[in-house]
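First up is the structure itself, then whatever we jot down about it.
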Amino acid sequence: MKEFKFNIGGKEHSAHVVEHEDTLEVTVDGKIYTVTLPERKPAEKPVVKPVVAAAAPAAAPAAKPAAAPAGSNVVTAPLNGKITQVLVKAGDQVAAGDTVVMLEAMKMENSITAEAAGTVKAVLVNVGDQVDGGQALVELA
């Protein structure tokens with residue numbers, strides 16, 4: 001599960017994202033949405049439909065992204081989007097929970113955070129890059 005905090009019009013919001021095989025279960029401020037991720041062209045947007053909380057399916061284990069090298073700590077994109085800020089560079093020390101990249105997706109700015117402490121080994125994206133869900137963004141040592 002990934003957690004994001006963002007600000008819209010001066011109001012703080014939070015979102016939790018659970019990845020399933022071809023869907024995302026996104027909870028924004030307590031409201032649950034199922035985002036369908038059909039095979040699609042990059043310009044297409046996911047279909048979002050509300051789900052009743054009691055009817056939400058049990059979370060399946062998230063698949064590891066293919067872009068993450070074995071034995072490394074890699075920060076990956078939780079969904080498709082555009083890199084708007086890169087907040088770290090090679091050699092920087094980061095703590096678990098530190099924001100390393102800002103990603104714009106579905107008209108929302110998402111803070112992408114390190115899941116563990118470490119040293120930035122490589123930044124794999126630049127501002128303006130379009131990325132896919134699961135794509136490696138930052139590698140930590």
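The values are calculated or read from the model by the stated rules, or taken from the named source; none is laboratory data. For clarity, every value in this text was computed on a predicted model and none was experimentally measured. Reconstructed Cβ throughout: ideal geometry from the backbone, glycine too, with neighbour counts over all protein chains shown. For accessibility, only protein heavy atoms count, side chains too; no ligands or nucleic acids. Shrake-Rupley method; radii C 1.70, N 1.55, O 1.52, S 1.80 Å.
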Listed peptides 104-112, 120-128 by packing density, highest first (mean Cβ within 10 Å): 104-112, 120-128
Gain in span if fully extended, E21 to E109, counting 0.36 nm per residue against the direct Cα distance: 29.3 nm
Gain on full stretching of the segment that runs from T119 to D98 - 0.36 nm per residue minus C-alpha separation: 6.4 nm
Cβ-defined net charge surrounding E3, 14 Å radius [Lys, Arg +1; Asp, Glu -1]: -4
Exposure ranking of I83, I32, I8 by accessible area [1.4 Å probe, largest first]: I8, I32, I83
